[in-house]
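Take a look at the structure set out below.
The values are calculated or read from the model by the stated rules, or taken from the named source; none is laboratory data. The structure displayed is predicted, hence computed values, not measured ones. Please note: Cβ atoms are built from the backbone with ideal geometry, for glycine as well, and neighbour counts cover all protein chains shown.
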Amino acid sequence: MIRIINGARRNQFPSDIDAMHRLRKRVFHDLLGWEVQVQEAWEIDDYDRANPLYVLSYDEKGKLRGSLRLLPTLGPNMLDDTFPILLGDGPEIRSAAVWESSRFCIDPEISQDRARNQVTIAAAELMCGVGELGLASGLSHIVTVTDVFLERMFKRMGCPGSRIGEPKRIGVVQAVAVSWEVSHELLDRMKAVAAIDGSVLEEEMTLATARAA
C-alpha cells in the first residue's frame, strides 16, 4: 500500500515521518556510506524543507518498507540545483509537466529477502505509486538522480528509463540522471513484473490534491 504525505504537513504524521527519515539514514548513511546530512537518527536535507510529497510503501502489517520524495522541477530540486553536472550538455529541466523523484530507498531487511522477490515488489509499488500520481496529474516525465546499481534494478523492474547525461563519480557513487516517460504502458509493465493488481494508492489523488491535503 502506498501512502502519500504532504511534506508541508509533516507534523500531522510524526510516526510516518520519523520512520522514513530513520530508514533513509540506515540506507544512505549507514549502509551505502553516502555523504548526506544526518541529524541524530535521521537523514534529512534542505529539500525536505521545500514542500515535497513523500511516497511511502507499507507491507500488509503496516510496516514501512520503502519511500521516496517527489518535488516539482519548477522549484528547488536535486538534479538542477545540486547535481547539474549530470545533465551533460543539456539544459536545466524546469517544467510543470516534469517532477523529480529522489531519496528512493528500500528497507535493508527486505533486500536480504530475495527468495520472495520483496525488493522488486516494494520498489515497483513505489514506482507504480508515482506512475499513478503522474498519470492522474498530466505529467509527461519523472526524473531522478540515482546510482548505476539502482539504475540496473529499475531495468529489472521493467522501467529502464533514459539517461539524461553520462554517469559521473560523485563521492563514493557512480551517479546518473534518468528520465522516465509517464505512460499507461510503463505503469502496466511494472505492475505485470511485480504481479500487482489494481491501484497501489491508499486513496486516489492527483499531485495537486495531495499537496492540498
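For region 83-102, a tally of residues being in contact (Cβ under 8 Å) with a residue 40 or more places away in the chain and surrounded by 14 or more Cβ atoms within 10 Å (Cβ to Cβ) returns 11. Every listed requirement among (1) touching a Ser or Thr at 6+ places or on another chain (Cβ under 9 Å); (2) basic (Lys, Arg); (3) buried (at least 17 other Cβ atoms within 10 Å of the Cβ) is met by Lys25 save one, (1). The test for being at pLDDT below 95 and either of a type outside the set (D, E, K, R) or under 17 Å from Leu139 (Cβ atoms) (or both) holds for Gly62. Of the residues that sit in region 165-202 and are in contact (Cβ under 8 Å) with a residue 24 or more places away in the chain and among the acidic types (Asp, Glu), which one is nearest to Ser140 (Cα to Cα)? The extreme case among them is Glu181.
Conditions (1) in a helix (DSSP H, G or I); (2) under 21 Å from Thr73 (Cβ atoms), marked per residue:
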| position | (1), (2) |
| --- | --- |
| Trp99 | no, yes |
| Phe104 | no, yes |
| Ile121 | yes, no |
| Glu125 | yes, no |
| Leu135 | yes, yes |
| Gly165 | no, yes |
| Arg169 | no, no |
| Val178 | no, yes |
| Gly198 | no, no |
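When region 98-134 is filtered for residues that are under 15 Å from Val182 (Cβ atoms) and either modelled with pLDDT under 90 or touching a His at 6+ places or on another chain (Cβ under 6 Å) (or both), only Val98 remains.
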